[in-house]
Amino acid sequence: MQVTTQLHINEQELEERFTHASGPGGQHVNKAATAVQLRFDAAHSASLPAAVRARLLALADPHITADGQVIIVADRYRSQARNRADARERLTALLAQAARPAKKRRPTRVPHRAKKRRLDNKKHQSRAKRLRKRPAPDE
């Protein structure tokens, strides 16, 4: 399965299970196992480079279990073939997201004008509140 130009996943590493799907299908829904549960053991995959594996396992995605299994359940469609294709597309998208390295953050400074505007606003608010107070009696 081709993920990106550099990343290719071996088909033997994917495990598919078929179950009865909930949702549309009428009488057919109780007879055919159209839902697909696609499993991929990312933690022990020989196809994944170490950097991609680390980024994939670091993702806060509900499809990734604590032991490094990626589980995708597809039951959107009434046919098993479309659900298989949907599950594989979603796995490909997840792996492609992990294959892209995160952009390095370049720290920026707050502009001088923004600091001045903030301080001027604070002075304005302070003056407005001070004018609302009752004058202190002269002693």
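A short reminder: the numbers here are calculations on the coordinates, not readings from a lab. Remember, it's a predicted structure, so these values are computed and weren't measured experimentally. Here Cβ is always computed from backbone atoms with ideal geometry, including for glycine, and neighbour counts include all displayed protein chains.
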Using alpha carbon centroids, what distance separates segment 1-77 and segment 112-129, in Å? 54 Å
Cα-based reach from Lys133 at 21 Å (exclusive), listing lysines while leaving out same-chain residues under 8 positions away: Lys122, Lys123
Please work out how much length the chain gains when fully extended from Glu89 to Asp41, using 0.36 nm per residue of separation minus the C-alpha to C-alpha distance, in nm with one decimal. 15.6 nm
Over the alpha-carbon set of segment 11-99, divide Rg by the Kirkwood Rh and report the Rg/Rh ratio to two decimals. 1.04
Starting from the Cα-Cα distance between Arg109 and Ala136, subtract it from 0.36 nm times their residue separation and give me the gain in nm to one decimal. 5.5 nm
Using a Gaussian network for the chain with springs between C-alpha atoms less than 10 Å apart, which of these wobbles most: Thr108, Thr92, Thr65? Thr108
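Before anything else, pin down the relative contact order of the chain: Cα pairs under 8 Å, at least 6 apart, normalised by residue count, whole percent. Show your work: numbers first, answer last.
Values: 149 pairs, mean separation 29.6, N = 139.
Relative contact order for the chain comes out at 21 percent.
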With the crude spin-label approximation of a point 7 Å out along Cα→Cβ, what separation in nm comes out for Arg100 versus His8? 2.4 nm
What is the magnitude of the charge dipole of the chain about its Cα centre, with +1 placed on the Cβ of each Lys and Arg, -1 on the Cβ of each Asp and Glu, and no other charges, expressed in debye to the nearest 20? 2140 debye
